[in-house]
Structure formats: structure tokens, C-alpha cells
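Engineer: Sharing a structure here in C-alpha cells format.
Every number here is computed from the coordinates shown, using simple stated rules; none is lab data. The structure presented is a predicted model; accordingly, all values stated were derived computationally and were not measured.
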Amino acid sequence: MRALLGTFVVLTLLVGSAIVADATGKSTGAKVDDATITAKVKTKISTDQAKSLVKVNVDTKDGVVHLQGTVPTPEDKARAERLARDTDGVVSVKNDLKVAS
């Protein structure tokens, strides 16, 4: 009986944790995926040889990457978007980068 109860508790925890959602309605898995995508995009941007991309802020929600900040040239803006688009898991990119005048 005790073993059966223990098994039930473990199964309940496993199933429950797979469907838990926070106040935003996103599951834990979705949060991890978005955080992973953000980290990958930030890594790509920081390891790209362009020092001009250091003022780029990256956020991800439901696989949509949002780029914000300021870059010196339109080419830098396009490069940041291309780096984000070429990242695994990215659904789309919202590029709100401003080009410094």
C-alpha cells in the first residue's frame, strides 16, 4: 500500500510539472526554450566580429525574438536581424533597432 501511494505521488508530480503554467500562461518548457533562444542570439551577437552590436537588447517570447537598442549603421541592423533569424528555435524576429544618426 505504501509503495502504491509513493508511486502515485511520483506520477502526480511528474505529470503535474509537465503542465504547470505561470501567471503569463507559459509553461516551464516554453520559458526555458525562450531563455535558451535569447541566450543563443546574445551569444551570436557578442561573438560576431562587430563591436557595433554591443548595445543590442534581445528578448524572446514564444519563439519571437525582439531586438531593441541602437546600432551605428543600417548594415549592423540587418546583420543583427540575420544573426537572430539564423538561430535554432526562432519563429520570427521583430527588429526595433534604431540606427544612430
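Engineer: Working out 0.36 nm times the residue gap between SER46 and ALA78, then minus their Cα-Cα distance, what length gain in nm do you get to one decimal?
Structural biologist: Numbers: separation 32, 0.36 × 32 = 11.52 nm, distance 1.52 nm.
Taking 0.36 nm per residue and subtracting the Cα distance, the gain is 10.0 nm.
Engineer: Can you tell me the length gained on complete extension of the stretch LYS98 to ALA35, counting 0.36 nm per residue apart and subtracting the Cα distance? Before the final figure, lay out each step's value.
Structural biologist: Details: separation 63, 0.36 × 63 = 22.68 nm, distance 2.37 nm.
Going from the current span to full extension adds 20.3 nm.
Engineer: Calculate, in nm to one decimal, what ASP62 and VAL91 gain on full extension: separation in residues at 0.36 nm each, minus their alpha carbon distance.
Structural biologist: Numbers: separation 29, 0.36 × 29 = 10.44 nm, distance 0.80 nm.
That works out to 9.6 nm of additional length.
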